[in-house]
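Okay, so here's the structure we're looking at.
The values are calculated or read from the model by the stated rules, or taken from the named source; none is laboratory data. As the structure is a computational prediction, the values presented were derived from the model and not from experiment. Positions of Cβ are backbone-derived with ideal geometry, glycine not excepted, and every protein chain shown enters the neighbour counts.
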Amino acid sequence: MIFIQRGAEPEILTLDGQDKVRALCEEYDQGKRIFEADSFDSKVYGHQTVKQALIHMQHGKCCFCESKIQHITFGDVEHYRPKAGYRQNDNDAMQKPGYYWLAYSWDNLLLSCERCNRQYKKNLFPLLHPEKRAQCHKDHVCMETPLLINPTITDPKNHIGFRDEIPYPIDDSIYGKTMIEILGLDREALNERRRTELGKLKRLLELIKIVEAMPNDGALQQSAADARQLLLKDILPSDEYSAMIEANLA
């Protein structure tokens, strides 16, 4: 995971989205407590302009695992705080209502791959102090301390490090530990992809060191300089698994 700089809010959320939020809040005030999937309009929070804004600000990567997703899938517009219902722990029954009033909130939307969203995170949203959970639109989420990192607010590199391709919680961070466990950030298929990318970079670094140890040769030294530039490129936020690469090249 890397820190994500949130971009400008798409207009459809400020217009249609706000209208729908008001309608949901009115329904709650009138006694409605269960908001199923059909209570929310995916054509608004999942509108093309919303998705494109998320793709742009996340460099086409999943907000959790940092895999590029556009070439193999459409990706999910992920609600950081679940809109319909939530669970504190994986074995808990679904609690409703969820954060219905945030269903169209730009600050609550991220782009995720289907694997991270549907297989791992699902409706999980654990809090450090569950008794402080906001129950409706009249409560304030600022009283909550989520155990899941929102990468547009908190820099994940303060909580998740890498030993080679394997993520670990820095200083036993409860936030890093929760993210790794719930999102499956250490799943073997993902480790394998990171291992492959890291292996390429390690071989490139070995080549650089060999060339730099050779007698001065303009062409060879230029090759070494070019190779170093490639290494620097791979720690840009736009590249896959840049958090792992930066941790290993630091």
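Just a few scattered comments:
- Checklist (1) out of contact with any Cys (no Cβ under 8 Å at 6 or more places or on another chain); (2) closer than 30 Å to residue 56 by Cβ; (3) outside the structural domain of residue 43 (by TED's automatic domain parsing) applied to residue 209, failing item: (2)
- If you go through the range 44-83 and pick out every residue that is under 16 Å from the mean Cα position of the chain (by Cα), of a type in the set (Lys, Arg) and closer than 23 Å to residue 125 by Cα, you end up with 3.
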